[in-house]
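> Can you keep this structure in mind? I'll have questions shortly.
The values are calculated or read from the model by the stated rules, or taken from the named source; none is laboratory data. The model shown is predicted, which means the values in this text are computed figures rather than measured ones. Methodologically, a virtual Cβ is constructed for each residue, glycine included, from the backbone with ideal geometry; neighbour enumeration extends over all protein chains shown.
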Amino acid sequence: MLAASRATSMRLAGEWLSVTAAWSDALPYGTRLGITVSKRMARRAIDRALVKRIVREAFRLSAPGLEQQATAARVRVDISVRMKRPIGVPADPRRPTLPTWRRALRTEVDHLLGSVEARLATVNRHA
C-alpha cells in the first residue's frame with residue numbers, strides 16, 4: 001500500500017482515524033479491511049478492541065456498497081484504517097467520555113468509508 005500511486009489509491013484523515021485505500025486489477029474483485037491500533041494510541045487493550053470493533057461494524061454495514069463499486073470498477077480494494085491520535089489514559093481530563101468517543105469514532109469511520117465508496121464510483125466511470 002505504501003507504494004501505490006495517486007491514480008490507484010487515496011488517503012483520508014479525520015480527527016481520530018486515517019484511511020488508506022488502494023485498488024488494483026487483481027482477482028478476486030472486492031474489498032479487504034486492515035485495522036491498526038497501536039499501544040501508543042490506546043494504552044488499554046479494551047480501548048484498542050473497541051476501536052477495532054467499531055471499525056469492523058462500520059465496514060460490515062458499508063461492505064455491500066463498497067463490494068458493488070469494486071466489482072463494477074473491476075478492482076480489488078485494500079482498505080487500511082489506522083488510529084492516528086492517542087486517546088489518553090482514563091484519568092486524563094482531556095480524554096473524551098466513552099459515549100462521546102464511540103459516537104465520534106463511528107461517525108468518522110462512516111464518513112471515511114463513504115468517501116472511499118464515492119471515489120470508487122469515479123474509478124468505475126473512467127475504467
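> Residue by residue through the stretch 62-84, note down the ones that are in contact (Cβ under 8 Å) with a residue 12 or more places away in the chain and over 13 Å from Val123 (Cβ atoms).
Ser62, Ala63, Gly65, Glu67, Asp78, Ile79, Ser80, Val81, Arg82, Met83, Lys84
> In this structure, is Ala118 more than 15 Å from the chain's Cα centre (by Cα), modelled with pLDDT under 95 and either farther than 16 Å from Glu15 by Cα or among the acidic types (Asp, Glu) (or both)?
no
> Okay, next question. Considering the stretch 115-127 alone, what residues qualify as being out of contact with any helix residue (DSSP H, G or I) (no Cβ under 6 Å at 6 or more places or on another chain) and surrounded by 15 or more Cβ atoms within 10 Å (Cβ to Cβ)? Explain how you work it out, then say what you get.
In the first step, residues of the stretch 115-127 are kept if they are out of contact with any helix residue (DSSP H, G or I) (no Cβ under 6 Å at 6 or more places or on another chain); the result is 115-116, 118-119, 122, 125-126.
Ser115, Val116, Arg119 - these are the residues of the stretch 115-127 that are out of contact with any helix residue (DSSP H, G or I) (no Cβ under 6 Å at 6 or more places or on another chain) and surrounded by 15 or more Cβ atoms within 10 Å (Cβ to Cβ).
> Among what's in the stretch 1-14 and is hydroxyl-bearing (Ser, Thr, Tyr) and either under 16 Å from Arg53 (Cα atoms) or touching a strand residue (DSSP E or B) at 6+ places or on another chain (Cβ under 6 Å) (or both), pick the residue that is modelled with the highest pLDDT.
Checked the stretch 1-14; the qualifying residue modelled with the highest pLDDT is Ser9.
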